[in-house]
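Laboratory data are not the source of any read-out in this text; all were calculated from the coordinates shown. Not measured: the values here are computed from a predicted model. Here the Cβ positions follow ideal geometry from the backbone for every residue, glycine too, while neighbour counts run over all protein chains shown.
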Amino acid sequence: MKKFSTIFAALITSIFTGACSSAKIELPPGTILLDVRSEAEFQDRHLPGSILIPHDKITEKAPQLLTEKTAPIAVFCRSGRRSAIAKNTLEKLGYTAVTDLGSIDNAAKILNSTIIEK
C-alpha cells in the first residue's frame with residue numbers, strides 16, 4: 001500500500017506541476033518564437049509568427065537570424081526534447097534570455113495561440 005501511495009503522490013504532483021508550469025511563464029513583448037523542429041514538421045503545423053531553425057542547425061544559423069543576443073527568445077519543438085537542446089545551445093552561443101516552452105502544444109497554450117495546420 002505504501003508503494004501505491006508513493007506512486008499516486010508522484011503522479012498527482014507531476015499532473016499539477018505540469019498544469020501550473022505553463023501558467024507561470026510570462027514572456028516579454030516582442031519575444032522571438034523559435035520553432036526548432038524539422039522543415040517538414042514546420043510545414044505541417046506551426047505557430048503564427050514563429051521562425052524555424054532546426055535544433056541541429058542552431059550553431060550555424062542562429063548568429064545570422066538572431067543577431068541580438070539579449071533579445072527574448074522562446075523555443076519549442078514537438079515534445080520538448082529538442083527545445084531543451086536548442087536552449088542549451090543558444091545559451092552556449094551567448095544568448096541570455098532564452099525560455100524553453102517545451103512542445104508546440106504547450107507553447108500554443110502559454111501564448112493563447114492557435115496552431116496553423118496544413
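The overall shape of the stretch 30-118 is prolate: from the C-alpha gyration tensor, with semi-axes ordered a ≥ b ≥ c, the ratio a/c is 1.5 or greater and a/b exceeds b/c.
Phi angles of the stretch 104-109 translate, via the Karplus equation with coefficients 6.51, -1.76, 1.60 and θ = phi - 60°, into HN-Hα couplings of 4, 5, 5, 4, 4, 5 Hz per residue; Gly and Pro are given as x. In terms of distances greater than 25 angstrom between alpha carbons, the cross-link table entries LYS61/LYS92; LYS61/LYS109; LYS57/LYS92 yield LYS61/LYS109. Here the extension length gained between GLU117 and GLN64 equals 16.3 nm, from 0.36 nm per residue of separation less the Cα-Cα distance. The charge dipole of the stretch 38-118, taken about the Cα centre with unit charges on the Cβ atoms of Lys, Arg (+1) and Asp, Glu (-1), comes to about 120 debye, rounded to the nearest 20.
Take the Cα of ARG45, step 7 Å toward its Cβ, do the same at GLU26, and the gap between the two points is 3.0 nm.
Once the chain from ALA71 to LYS92 is taken as fully extended at 0.36 nm per residue, the excess over their C-alpha distance is 6.1 nm.
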